[in-house]
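Read through the structure below, which is laid out as structure tokens, and then see the notes.
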Amino acid sequence: MDGDFDFLIVGAGSSGSVLASRLAAAGKRVLVLEAGGSERRFYVEMPLGYGKLFYDPAVNWAYRTEPDPGLNGQRDYWPRGKVVGGSSSINAMVWIRGHASDYDDWQAATGSSFWGRENTTAAYRAIEDNADGADAFRGQGGPLHIRSGREPAHPLVRPYLEACAAAGLPVNADFNGATQEGAGIYQLTIKGGRRNSAARAFLRPAMKTGRIALRTKAQVTRVLLQGLRATGVEYRWKGALHRARAGEVILAGGAINTPQILMLSGIGPGAMLAGQGIGVVLDQPQVGAHLNDHQGINYTYRMTVPTMNDILRPWWGKALVGMRYLLTGGGPLSVSINHGGGFFRTDPGLDRPNMQLYFQAFSTLMPREGERPILSPDPFPGLSIGLSNCRPTSRGNLELASPDPFAAVKIHANVFSTDHDVAEMLAAVKFLRRIADQAPMKALIAEELRPGPQVQTDAQLIDDFRSRSGTVFHPSCTARMGADPASSVLDADLRVRGIEGLRVCDASAFPTLIGGNTNAPAILLGWLGAERILARV
């Protein structure tokens, strides 16, 4: 694999797949090294199959955080994609760009209009092939097909939307359109009843050019440096260490793996690296810092009408929906579990939504550490309404647990560590209950099971979300871009300051966390990152 490559990309995830395809389209020779295996698996391609992937180490890094005071001392579980396509191969497929003002924040943080709302909106329109057609916001004809939001939804979505409207949150037909606030149906990265991952939409078609070499199950252990210049990487493949070189190295391993590789290469907080016996090449305390993630919680209800539990729990139901999917590519297995959602403000004085909703006509009890790692529908007709914060002010960090490149890093999530985050989550769960108390939802609910009507006081509600909440799988900002070298790792061209020939292009590079699901902005980063890289080679 020591061929003549212009670029070496570490990670074939959401950003890396897009980046490779764009660089190859520009005539560049690209080597992609992916620690996981192929995404061509039945449960990866089947949209609802991601429940089977949630704890599967064959496709999942399956991280655990350190015990977190904000979670009453519990260790949270963080699934991340270890497979071609990365987390776009195991996620819930929700396509949310974020609020337009999030990209004002990116422009301000980087000092570059390249990352501002005008340029990012144009890029999203170029990326998308929206089944609902093009307009001033949506794109059509791009490489990434987005399932129509007009396709039939679960019957319980309508009473949910009506209850949201009664609670003061009107229907929004397009969260990626003129406004984000409101309740509605999510756009999904699904095409023809199959998951439309970044690998399927970008990487696999681009490999037909012959300009991309992909090596799977190849885990990078460090960046090779000649002085302060990156020349390639070292990686383990088939039990042996190998080296690969290229004109430029681009880390696209994601918000956990990218900072880990930097630190293993001697680029990171000097004292921490020295304490692990790693030679310090560049003392960069911002590597692994600024960890930001969305924290979510579900309220679960036993219903008086059937939900997906009734069909997905019994063996005959599994057989029925499985046969339907195999024969027609349709049915419950062909869509995400997130049937609807929304965005709202906990304070009307806010200038943008600060909370996101998730509606699921399904319920399950999330296993805690030490419990059997499996997701099974509850043995009753259950429904969940969940929410997560959009821009938490709590910050965590990553550090090496060991100089062993195959040992997981220590993840200090540090959630609910600010009064702001606790107060807005408290207001949010009260609003969630208000939705459930509106007609027609109220008439369909037999009882609230989690947390249950006995949880009423502010102290009880806070203790509940500290005990039951968890990540909604959007870690970001751990090697972030910024105009200020004192608070960032990368410049606006994604270059690692102080090291020549080394860039980062994934969610770790986000200047700030987007208000919404992060797969779309991770794909955006690969798309626009390629432009930035090609312009500045």
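The values are calculated or read from the model by the stated rules, or taken from the named source; none is laboratory data. These numbers were taken from a predicted model, which means no experiment stands behind them. Virtual Cβ from ideal backbone geometry, glycine too; neighbours counted across all protein chains shown. All accessible areas refer to the heavy atoms of the entire protein, side chains included, with ligands and DNA or RNA removed. Shrake-Rupley method; radii C 1.70, N 1.55, O 1.52, S 1.80 Å.
Report yes if G210 is over 30 Å from A244 (Cα atoms), of a type in the set (G, A, S) and modelled with pLDDT of 95 or more, otherwise no. Give the derivation first.
On the way: over 30 Å from A244 (Cα atoms): no; of a type in the set (G, A, S): yes; modelled with pLDDT of 95 or more: yes.
No, not satisfied.
Within the range 233-242, can one find any residue that is touching a Leu at 6+ places or on another chain (Cβ under 9 Å), part of a loop (DSSP other than H, G, I, E, B) and in contact (Cβ under 8 Å) with a residue 40 or more places away in the chain? For the range 233-242, residues touching a Leu at 6+ places or on another chain (Cβ under 9 Å), part of a loop (DSSP other than H, G, I, E, B) and in contact (Cβ under 8 Å) with a residue 40 or more places away in the chain: absent. Residue count for the range 438-453, restricted to those that are charged (D, E, K, R) and either modelled with pLDDT under 95 or within 31 Å of the chain's Cα centre (by Cα) (or both): 2. With respect to (1) surrounded by fewer than 18 Cβ atoms within 10 Å (Cβ to Cβ); (2) in a loop (DSSP other than H, G, I, E, B), the lone exception for A271 is condition (2).
Residue count for the range 27-69, restricted to those that are closer than 18 Å to A218 by Cβ, open to solvent by 10 Å² or more (accessible area, probe 1.4 Å) and among the small types (G, A, S): 3. Counting only strands (runs of 3 or more DSSP E) that sit wholly inside the range 339-436, those with at least 3 residues that are modelled with pLDDT of 95 or more and in contact with a Cys (Cβ under 9 Å, 6 or more places away or on another chain) are 340-344, 355-360.
Considering every residue within the range 171-179, establish whether at least one is farther than 20 Å from R480 by Cβ, more than 22 Å from the chain's Cα centre (by Cα) and in contact (Cβ under 8 Å) with a residue 40 or more places away in the chain. So far as the range 171-179 goes, yes, one or more of its residues are farther than 20 Å from R480 by Cβ, more than 22 Å from the chain's Cα centre (by Cα) and in contact (Cβ under 8 Å) with a residue 40 or more places away in the chain.
Of all residues in the range 438-458, one or more are crowded, with 18+ Cβ neighbours inside 10 Å and assigned to a helix (DSSP H, G or I). Is there a residue being in contact with a Gly (Cβ under 6 Å, 6 or more places away or on another chain) and open to solvent by less than 30 Å² (accessible area, probe 1.4 Å) anywhere in the range 317-326? Yes, some residue in the range 317-326 is in contact with a Gly (Cβ under 6 Å, 6 or more places away or on another chain) and open to solvent by less than 30 Å² (accessible area, probe 1.4 Å). Which condition from (1) under 20 Å from the mean Cα position of the chain (by Cα); (2) closer than 20 Å to F473 by Cβ; (3) at pLDDT 95 or above is the one that L48 breaks? Here L48 meets the rest and fails (3).
Would you say L23 is in a helix (DSSP H, G or I), touching a helix residue (DSSP H, G or I) at 6+ places or on another chain (Cβ under 6 Å), hydrophobic (A, V, I, L, M, F, W, C) and more than 23 Å from L494 (Cβ to Cβ)?
Judged against the criteria, L23 is not a match.
Could you go through the range 294-307 and let me know if any residue there is assigned to a helix (DSSP H, G or I) and more than 30 Å from A401 (Cβ to Cβ). No, because not a single residue in the range 294-307 is assigned to a helix (DSSP H, G or I) and more than 30 Å from A401 (Cβ to Cβ). Counting the residues of the range 274-305 that are crowded, with 20+ Cβ neighbours inside 10 Å and touching a helix residue (DSSP H, G or I) at 6+ places or on another chain (Cβ under 6 Å) gives 5.
Residue check: A246 meets all listed conditions (1) in contact with a Lys or Arg (Cβ under 6 Å, 6 or more places away or on another chain); (2) more than 30 Å from T471 (Cβ to Cβ); (3) open to solvent by 10 Å² or more (accessible area, probe 1.4 Å); (4) not aromatic (F, W, Y) but one, namely (1). Scanning the range 211-218 finds no residues that are part of a helix (DSSP H, G or I) and either more than 30 Å from S384 (Cα to Cα) or touching a residue at least 24 places away in the same chain (Cβ under 8 Å) (or both).
Test L528 against the stated conditions and say whether it is touching a helix residue (DSSP H, G or I) at 6+ places or on another chain (Cβ under 7 Å), open to solvent by less than 10 Å² (accessible area, probe 1.4 Å) and without any contact (Cβ under 8 Å) to a residue 40 or more places away in the chain. No. Do the conditions hold for E500, that is, is it open to solvent by 10 Å² or more (accessible area, probe 1.4 Å), more than 22 Å from D105 (Cβ to Cβ) and acidic (D, E)? Yes; evaluated as a whole, the condition is true for this residue. Every listed requirement among (1) modelled with pLDDT of 95 or more; (2) over 19 Å from N519 (Cβ atoms); (3) not hydrophobic (A, V, I, L, M, F, W, C) is met by R97 save one, (2).
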